[in-house]
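Below you'll find the structure, written out as structure tokens, and then a few comments.
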Amino acid sequence: MTAESCTAGKLSALLSDAPGAGEHLHGSFVTYTKANKVKALGVDAGLLKAKGAVCIEVALAMAKGALHRSPADVAVAVTGVAGPDPDEDGNPVGLVCIAVARDGREPLHIERQQPSRFRIIQICLKDLPFARW
């Protein structure tokens, strides 16, 4: 399961192209706005107001929300600023926070500064330390 903001569904689209994806990929939440993060994923509105939409805490809340609102046992969440301008909270273009939640495991998370949506998706697929998980 994916919960995507700045990638707008591109991560789940890429995952769906993999052979056998239908056996593993349950779907995606595309929550581009703060209001939709609250409504669809249960992200705390107070957290969004206090920290903004692009932070590790929100990425973790998105991943946990996707996990609990789907039949999946793993969920990855991506929130960031794709640009061309900083976001409404003043976060710079290229800031991205990614979190992965899995039942019975401590969640993983990373924050990076990246120049493109493509590189953000590469981080999701390559840079998160899934091997130790």
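We did not get these values from a lab; they are worked out from the coordinates using the rules stated. Given the structure is predicted, the values throughout are model-derived calculations rather than measurements. Don't worry about glycine lacking a Cβ; one is built from the backbone with ideal geometry, like all the others, and counts go over all protein chains shown.
Taking every pair of Cα atoms in the chain, average 1/r, invert it to obtain the Kirkwood radius, and report Rg/Rh to two decimals. Spell out each step's value before the answer.
Values: Rg = 13.6 Å, Rh = 14.5 Å.
A ratio of 0.94.
Using a Gaussian network model of the chain whose springs link C-alpha atoms within less than 10 Å, name the residue from 44, 73, 85 with the highest mean-square fluctuation.
Per the Cα network of the chain with a 10 Å cutoff, 85 tops the list.
Quick check on my link table: of 10/39; 34/64; 10/51, which ones sit more than 19 Å apart, alpha carbon to alpha carbon?
Working: 10/39 21 Å; 34/64 16 Å; 10/51 25 Å.
In this structure, 10/39; 10/51 exceed 19 Å between Cα atoms.
Return the calculated 222 nm mean residue ellipticity for the chain, to the nearest 500 deg cm²/dmol, obtained by summing -39500 (n - 2.57) across DSSP H runs with n ≥ 4 and dividing by the residue count.
Working: 5 runs with 41 residues, N = 133.
Helices in the chain give a 222 nm mean residue ellipticity of -8500 deg cm²/dmol.
Where does each of 97, 55 land when they are ranked from fewest to most other beta-carbon atoms within 10 angstrom?
Values: 97 25, 55 19.
Fewest-to-most ranking of 97, 55: 55, 97.
Can you tally the net charge around residue 55? Count Lys and Arg as +1, Asp and Glu as -1, for every other residue whose Cβ sits under 15 Å from the Cβ of residue 55.
Values: positive: 34, 37, 49, 51, 64, 112; negative: 44, 57, 87, 88, 89, 111.
Result for the neighbourhood of residue 55: 0.
Would you mind computing, in nm to one decimal, how far apart the modelled labels at residue 50 and residue 24 are, each placed 7 Å from Cα along Cα→Cβ?
The modelled label-to-label distance comes out at 3.6 nm.
Name the most mobile residue of 14, 47, 67, meaning the one with the largest mean-square fluctuation, in a Gaussian network model of the chain with Cα contacts below 10 Å.
Looking only at 14, 47, 67, the largest GNM fluctuation is found for 14.
Give the aspartates and glutamates whose C-alpha is closer than 15 Å to that of residue 49, dropping any in the same chain fewer than 8 places away, or say none.
57, 87, 88, 89
Quick one: if the Förster radius is 22 Å, what FRET efficiency do residue 116 and residue 32 give, using the C-beta to C-beta distance and rounding to 0.05? Working shown, then result.
Working: r = 18 Å, r/R0 = 0.80.
Plugging the Cβ-Cβ distance into 1/(1 + (r/R0)^6) gives 0.80.
Take the chain, connect every pair of alpha-carbon atoms lying under 10 Å apart with a spring to form a Gaussian network, then pick out the residue of 42, 83, 104 with the largest mean-square fluctuation.
Result for the chain, Cα springs under 10 Å: 104 fluctuates most.
Counting DSSP beta bridges with both partners in the chain, what percentage is antiparallel, nearest 5? Walk me through the numbers on the way to the answer.
Values: 13 of 19 bridges.
Here the antiparallel bridges make up roughly 70 percent for the chain.
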